[in-house]
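The values are calculated or read from the model by the stated rules, or taken from the named source; none is laboratory data. Computed from a predicted structure; not experimentally measured. Cβ placement follows ideal geometry from the backbone for every residue including glycine, while neighbour counts extend to all protein chains displayed.
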Amino acid sequence: MDWEPTLRFLLEDLSRGTEPSIISARFHNTLAEAILQVALAVDESTVALTGGCFQNRLLLEGAVGKLRAAGFRPYWHQRVPANDGGVALGQAVAGSLAQ
């Protein structure tokens, strides 16, 4: 993804005095759209959304909505945290299997 246009629009919004909530919504929507565009480029029907950034509800819901609307099957953390807590659980499971 070329970040230059996104940052340019963000800075233009700031200079115009656009409300922070509007800037935030636009930024999150742009990220969700970028996720969709990557999924379209890869052309896989299943998309896993993982990592600490998906603790952000706006980003997660936006990405899931866009992916579903385009016919993808998104998966995301629902029982295990998307951040370090999930990593720690995975390490504990791996360690218990190594015994």
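A few remarks follow.
- For residue 97, the criteria (1) surrounded by fewer than 12 Cβ atoms within 10 Å (Cβ to Cβ); (2) in contact with a Lys or Arg (Cβ under 9 Å, 6 or more places away or on another chain) hold in every case but one, which is (2).
- Considering residues of the range 1-44 that are at pLDDT 95 or above and not in a helix (DSSP H, G or I) only, the residue farthest from residue 83 (Cα to Cα): 17
- Scanning the range 60-70 for any residue that is closer than 25 Å to residue 90 by Cα and in contact (Cβ under 8 Å) with a residue 24 or more places away in the chain turns up at least one such residue.
- Residue satisfying all of: in the range 31-81; surrounded by 14 or more Cβ atoms within 10 Å (Cβ to Cβ) and among the aromatic types (Phe, Trp, Tyr); farthest from the chain's Cα centre (by Cα) among these: 72
- Unmet criterion (only one of (1) in a helix (DSSP H, G or I); (2) at pLDDT 95 or above) for residue 92: (2)
- Here residue 18 does not fit the description of being surrounded by 10 or more Cβ atoms within 10 Å (Cβ to Cβ) and either within 19 Å of residue 71 (Cα to Cα) or in contact with a Ser or Thr (Cβ under 7 Å, 6 or more places away or on another chain) (or both).
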